[in-house]
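Only one structure is covered here, and it is reproduced in the block below.
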Amino acid sequence: MMQNENKSDHHCHLYEGKNNILIVRRAQEFQMTLQFNQPINPSDKFQIEFYIGKTNLGVPPDSPNFSPSVSQTGNWTGRMIQQQEDECVVGITPSANAIIGKYYTNVAVIGSNGISRTQRDSGTDFYLLFNAWASMYMPSEEDRQEYVMNENGCMYQEESGGGRQWFYGQFVEGILDVCIQILDDSNMPLVNRGDAVKVCRIGSAMMNSQDDRGVLVGNWSDEYSLGTAPTFWIGSDQILLQYANKGPVSYAQCWVYAGTFNTFLRCLGIPARVITNFNSAHDNTGNIITDLVFNSIVFVRGVHCLHRNYHCWNEAYLSRLDLPADQDLGGWQVVDSTPQETSDGYYRCGPCSVKAIKEGMLGYQFDGPFVFAEVNSDVYKHKLNRQTGKTELLSVDTTYVGKKLLTKSIGGNNYEPMDITETYKYPEGISKDEETMKKAERTYKTHMQYDDEQGVEMTLEIPLERVKIGQNFQMAVVFRNLSEDTRTIHGFLVGSTVYYTNIQRAQFKQESFDVTLNPMESEVQVVVLAQNYMPQLGSQSNLRFVVTAKSMENNQDMTAIQIVNLKGPELAFAMSGPAKVNQEVFIKVEFTNPFPFSLHNVRMAMQGANFMLYREKLYSEIATGASITWMESCVPTRSGNTMIYAVLDCSVLGNVQGVWAIGIQT
């Protein structure tokens with residue numbers, strides 16, 4: 001099967017544990033050597049047969065020796081490259097829409113007494129994958145190296161670019177077999193597995209276990225004792241391998257779903273990337289509006305319609321032959337495996353053309369209105385009358401949702417964020433943005449009128465630099481009096497620790513204030529003490545602040561919301577010397593507990609591609625001010641740049657991760 005030559009030509013040389021089996025990409029020629037028990041004569045007839053499931057593809061290379069009478073080839077083609085006595089080299093080109101998966105191979109010799117076939121030999125099996133270099137053409141080699149070949153990525157959790165780095169591990173031994181198993185577990189017909197759009201849609205459903213015993217079990221609470229906390233995962237490979245052995249894996253939240261789905265797509269050859277949408281909405285009413293209802297103090301309902309301060313999904317680079325050609329809706333497509341709403345009966349989302357979202361073309365499949373609302377819905381804030389139960393529209397915020405969309409920049413270990421907001425939406429207020437909104441409104445949105453001629457604007461300003469867990473910090477409620485009259489403001493601020501879904505975990509602060517405004521800007525300083533929020537924090541390190549205020553002169557009601565994502569302590573790395581292929585080296589990770597309390601049942605994990613396999617360690621207690629050092633012996637297996645990932649997690653502290661880039665020498 002000429003594995004070494006073919007794998008390199010097909011960009012499949014990085015798949016581990018497959019040294020003796022061929023991996024190639026469709027719509028591109030691969031070569032095979034055939035050896036017979038006697039010299040080939042012009043009268044000899046034979047053909048090569050490929051099987052996947054019950055499908056048989058007989059391919060006759062263009063030579064007089066090959067039989068013209070073959071079974072359906074599906075547009076696979078063959079040619080004779082070289083022939084010498086009892087041996088020949090042939091080239092086989094699978095069709096551009098060939099089924100992806102694992103094939104086995106026969107050679108059939110056609111004689112006067114019928115057809116004789118070679119016996120089944122696992123050594124001639126091969127995997128066929130999607131091809132970003134040919135059948136689903138991505139024009140830039142730089143893009144292909146990033147979105148198909150790169151095993152390292154980042155899920156951004158802050159608009160400034162901070163986030164969680166992730167090991168995709170699409171080439172790790174066993175992962176390719178798991179990805180094909182996922183398609184088998186979905187009962188996806190083989191005939192559909194040549195269609196990348198359908199594979200993405202099935203994959204979106206199968207990454208979650210909501211209705212089909214898929215890969216990951218979601219958990220948006222703070223109780224993970226029956227599984228692994230979402231914050232503890234450092235990559236996809238351990239998740240997928242555990243699924244193959246034991247079934248659905250606990251637990252996941254959006255970045256875990258997105259990271260694992262990215263591995264699935266890249267492993268099968270589909271270019272893919274993880275996207276973070278800041279201030280992401282969840283349209284559970286189907287009207288592309290986000291409704292928030294307040295009483296005089298706090299949220300009453302609708303808070304679950306706004307994801308924390310971000311939500312992660314994937315984009316896959318696809319041809320959309322199922323959509324009108326004149327609309328040119330191919331390219332990047334949204335696919336989201338976090339279970340939010342059902343689509344055609346299953347918890348899945350997409351593929352949905354990013355271009356269609358930007359242009360407000362929401363009638364094309366799949367799930368356009370839902371994705372549009374995530375990035376471009378207006379936030380309608382209502383006030384609840386607790387006596388009548390009726391609501392009054394206070395204001396409409398057209399800029400809050402989809403504030404910024406980020407993905408990793410192109411280039412191996414370049415973790416700078418790339419802002420792709422303008423691929424999803426036009427800048428607010430320009431004519432194209434208004435035209436897009438009108439297109440969407442005509443089909444899906446009930447427009448509501450409100451009076452925005454108010455006298456006072458209110459914003460809630462949080463620290464520019466990220467606050468560390470355990471620090472005190474200040475915030476400011478800023479008012480601008482746009483009228484020529486003095487205004488008297490009565491306000492109320494509530495601080496809560498929140499889960500990923502923005503649902504309140506525990507309230508730790510309530511503060512009322514009164515301020516008199518002249519026709520100018522004024523602000524109220526708010527001090528947040530660590531001693532108040534730390535006992536209620538939990539493992540996800542998020543604080544939500546909601547301010548409600550009222551102008552007493554004209555009964556103007558105002559609301560403002562902000563999320564503060566706290567920064568955890570850091571891990572430190574060190575190595576005993578330079579890393580060289582097949583030579584032992586020691587790596588250590590250090591951590592110091594900076595908190596005024598002990599940490600109990602602390603789990604740590606460490607992993608590095610071509611450097612060390614996944615390893616875990618448990619510390620029963622790390623006392624206040626105490627330091628721990630974890631040292632491991634490693635033997636690098638391949639030269640080049642790699643990343644070492646480490647993570648620390650316990651019930652009261654999550655999001656402690658460290659990543660170290662190293663170079664492995666020959």
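The values are calculated or read from the model by the stated rules, or taken from the named source; none is laboratory data. For clarity, every value in this text was computed on a predicted model and none was experimentally measured. Cβ coordinates were reconstructed from backbone atoms using ideal geometry, including for glycine residues, and neighbour counts include every protein chain displayed. SASA here: full protein model, heavy atoms, side chains in, ligands and nucleic acids out. Shrake-Rupley method; radii C 1.70, N 1.55, O 1.52, S 1.80 Å.
Numerical summary
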{"item": "Between helix 196-206 and the chain: long-axis angle, C-alpha atoms, 0 to 90°, nearest 10", "result": "60"}
{"item": "Rounded to 10°, Cα long-axis angle of helix 237-246 versus longest principal axis of the chain", "result": "70"}
{"item": "For the stretch 217-228, Karplus couplings with θ = phi - 60° (6.51, -1.76, 1.60), whole Hz, Gly/Pro x", "result": "9, x, 7, 10, 9, 10, 10, 10, 5, 8, x, 10"}
{"item": "Under 5 Å, built H, 5+ apart or other chain: amide partners of TYR347", "result": "ASP211"}
{"item": "Interchain or long-range residues, amide H under 5 Å from LYS468's placed H", "result": "LYS567"}
{"item": "Rounded tilt (10° steps) of 175-185 against the dominant C-alpha axis of the chain", "result": "80"}
{"item": "With every protein chain in place, the chain: carbon and sulfur % of accessible area (1.4 Å)", "result": "45"}
{"item": "Solvent-accessible area per residue for the chain (1.4 angstrom probe, square angstrom)", "result": "41"}
{"item": "About the Cα centre, charge dipole magnitude for the chain (Lys/Arg +1, Asp/Glu -1 at Cβ), debye", "result": "1160"}
{"item": "Antiparallel bridge percentage (DSSP; both residues within the stretch 572-664; nearest 5)", "result": "95"}
{"item": "Calculated from backbone phi, Karplus (6.51, -1.76, 1.60) coupling profile of the stretch 619-636 in Hz, x at Gly/Pro", "result": "10, 5, 7, 10, 6, 4, x, 7, 10, 10, 10, 10, 10, 9, 8, 9, 10, x"}
